[in-house]
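Peer 1: Okay, here's the structure, questions in a sec.
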Amino acid sequence: MDSIATQISLARTYQESGQPAKALAITDSMLQKFPGQLDAIGIKAEILKQQGKTGEAISLLEKAYALQPRDKETVYNLAYEYAEAKSPKALSLTDTLVKYDKTETVARAWYIKASYYRNIGNEKEALRYYDSSTIADYNFLDTYLDKGRLQWEQKNYEAALRTFATGQKLSPGTADFYFWVAKTQQAMGNAKDAKMNYDRAFALDKTMTEAKTAAEAIGK
């Protein structure tokens, strides 16, 4: 029961069941013994971010990066947090990833770069790098969702609908795409199809009460 894999699994279970204190107790204990244990660092960083302690989470990921700079997942996670924090450090890390990651996962690097530019308000660059992400991996779903949202915010509804519809075709079981297709159709005045897609979104994800409420409002 004391194996690293078992302890990581238990910490993740506590985290996912809404018991962060118990999860942190396990990760802290592990990190005292194994300071470079990346899974423990990752879980702790996620919890700290959920608690609003973004700076502490980034510091922890920076420590992991310093210990194991060639761990690709650690680099991606750190780059994403930099982008969310609007730190230009995201650009240097994603440039490194683009240079050395020769697999389809490099789509995440372009996506993170796009996220950084979107977060600082440079929508033109954000859209450019979302396109680079799609070129790297046509099936990377996060790009379609975030690119479509940006187009929706720009009131470029036809483009947004195409983007969301592509994501919907690639992942017909993802409720978010149905919700955003519906939201875009509603903005375009197509209430009938919007209601149908709101209903589909809620059918796929019963926690998506916003979709249920929107569908009911159209039906009145």
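Peer 1: Working only within region 38-53, note down all residues that are of a type outside the set (Lys, Arg) and open to solvent by 30 Å² or more (accessible area, probe 1.4 Å).
Peer 2: Filtering region 38-53 down to residues of a type outside the set (Lys, Arg) leaves 38-43, 45-48, 50-52.
Across region 38-53, the qualifying residues are Leu38, Asp39, Glu46, Gln50, Gln51, Gly52.
Matching residues to (1) hydroxyl-bearing (Ser, Thr, Tyr); (2) assigned to a helix (DSSP H, G or I); (3) in contact (Cβ under 8 Å) with a residue 24 or more places away in the chain; (4) open to solvent by 40 Å² or more (accessible area, probe 1.4 Å):
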position	(1), (2), (3), (4)
Ser92	yes, yes, no, yes
Lys99	no, yes, no, yes
Thr103	yes, no, no, yes
Arg108	no, yes, yes, yes
Lys113	no, yes, yes, no
Arg118	no, yes, yes, yes
Tyr129	yes, yes, no, no
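Peer 1: Now a separate question. Confirm whether Ala165 is without any contact (Cβ under 8 Å) to a residue 12 or more places away in the chain, on the phi < 0 side of the Ramachandran plot and either open to solvent by 30 Å² or more (accessible area, probe 1.4 Å) or part of a helix (DSSP H, G or I) (or both). Write out each step before concluding.
Peer 2: Numbers: without any contact (Cβ under 8 Å) to a residue 12 or more places away in the chain: no; on the phi < 0 side of the Ramachandran plot: yes; either open to solvent by 30 Å² or more (accessible area, probe 1.4 Å) or part of a helix (DSSP H, G or I) (or both): yes.
Against the criterion (without any contact (Cβ under 8 Å) to a residue 12 or more places away in the chain, on the phi < 0 side of the Ramachandran plot and either open to solvent by 30 Å² or more (accessible area, probe 1.4 Å) or part of a helix (DSSP H, G or I) (or both)), Ala165 does not qualify.
Peer 1: Also, I was wondering about something else. Identify, from the list Glu158, Glu210, the residue that is out of contact with any helix residue (DSSP H, G or I) (no Cβ under 8 Å at 6 or more places or on another chain) and either open to solvent by less than 60 Å² (accessible area, probe 1.4 Å) or assigned to a helix (DSSP H, G or I) (or both). Lay out the reasoning, then the answer.
Peer 2: Numbers: Glu210 fails: out of contact with any helix residue (DSSP H, G or I) (no Cβ under 8 Å at 6 or more places or on another chain).
Answer to the check: Glu158.
Peer 1: If I filter region 157-166 for residues that are over 29 Å from Glu104 (Cβ atoms) and either at pLDDT below 95 or in contact with a Phe, Trp or Tyr (Cβ under 8 Å, 6 or more places away or on another chain) (or both), do I get at least one hit? So that I can check it myself, show each step before the final result.
Peer 2: As a first pass, look at region 157-166 and keep what is over 29 Å from Glu104 (Cβ atoms): 157.
Those left that are additionally either at pLDDT below 95 or in contact with a Phe, Trp or Tyr (Cβ under 8 Å, 6 or more places away or on another chain) (or both): none.
The answer is no, given that none of the residues of region 157-166 is over 29 Å from Glu104 (Cβ atoms) and either at pLDDT below 95 or in contact with a Phe, Trp or Tyr (Cβ under 8 Å, 6 or more places away or on another chain) (or both).
Peer 1: Same structure again: Could you tell me which numbered condition Pro69 fails, if it satisfies all but one of (1) surrounded by 15 or more Cβ atoms within 10 Å (Cβ to Cβ); (2) outside any helix (DSSP H, G or I)?
Peer 2: (1)
Peer 1: Further question on the same structure: Quick check: is even one residue across region 173-195 open to solvent by 60 Å² or more (accessible area, probe 1.4 Å), within 19 Å of the chain's Cα centre (by Cα) and over 19 Å from Ala83 (Cα atoms)?
Peer 2: no
Peer 1: Please give the number of the condition Arg12 fails out of (1) in contact (Cβ under 8 Å) with a residue 24 or more places away in the chain; (2) open to solvent by 70 Å² or more (accessible area, probe 1.4 Å); (3) closer than 27 Å to Thr96 by Cβ.
Peer 2: Of the numbered conditions (1) in contact (Cβ under 8 Å) with a residue 24 or more places away in the chain; (2) open to solvent by 70 Å² or more (accessible area, probe 1.4 Å); (3) closer than 27 Å to Thr96 by Cβ, the odd one out for Arg12 is (3).
Peer 1: If we scan region 165-178, do we find a residue that is touching a helix residue (DSSP H, G or I) at 6+ places or on another chain (Cβ under 8 Å) and over 28 Å from Asn119 (Cβ atoms)? Working first, answer last.
Peer 2: At the first step, the residues of region 165-178 found to be touching a helix residue (DSSP H, G or I) at 6+ places or on another chain (Cβ under 8 Å) are 165-168, 170-171, 173-178.
Still in the list and also over 28 Å from Asn119 (Cβ atoms): 173.
For region 165-178, residues touching a helix residue (DSSP H, G or I) at 6+ places or on another chain (Cβ under 8 Å) and over 28 Å from Asn119 (Cβ atoms): present.
Peer 1: Can you give me the number of residues within region 42-61 that are touching a Lys or Arg at 6+ places or on another chain (Cβ under 9 Å) and either within 18 Å of Lys86 (Cβ to Cβ) or not in a helix (DSSP H, G or I) (or both)?
Peer 2: Residues of region 42-61 that are touching a Lys or Arg at 6+ places or on another chain (Cβ under 9 Å), as a first pass: 43, 47, 56-58, 60.
Restricting the remaining residues to those that are either within 18 Å of Lys86 (Cβ to Cβ) or not in a helix (DSSP H, G or I) (or both) gives 56-58.
Selection size over region 42-61: 3.
Peer 1: Can you tell me which condition Pro35 does not meet? The list is (1) assigned to a helix (DSSP H, G or I); (2) more than 25 Å from Ala83 (Cα to Cα), and all the others hold.
Peer 2: (1)
The values are calculated or read from the model by the stated rules, or taken from the named source; none is laboratory data. Computed from a predicted model, the values in this text were never measured in an experiment. Virtual Cβ from ideal backbone geometry, glycine too; neighbours counted across all protein chains shown. The protein model used for the area step is the full one, side chains on, heavy atoms only, and it has no ligands, DNA or RNA in it. Shrake-Rupley method; radii C 1.70, N 1.55, O 1.52, S 1.80 Å.
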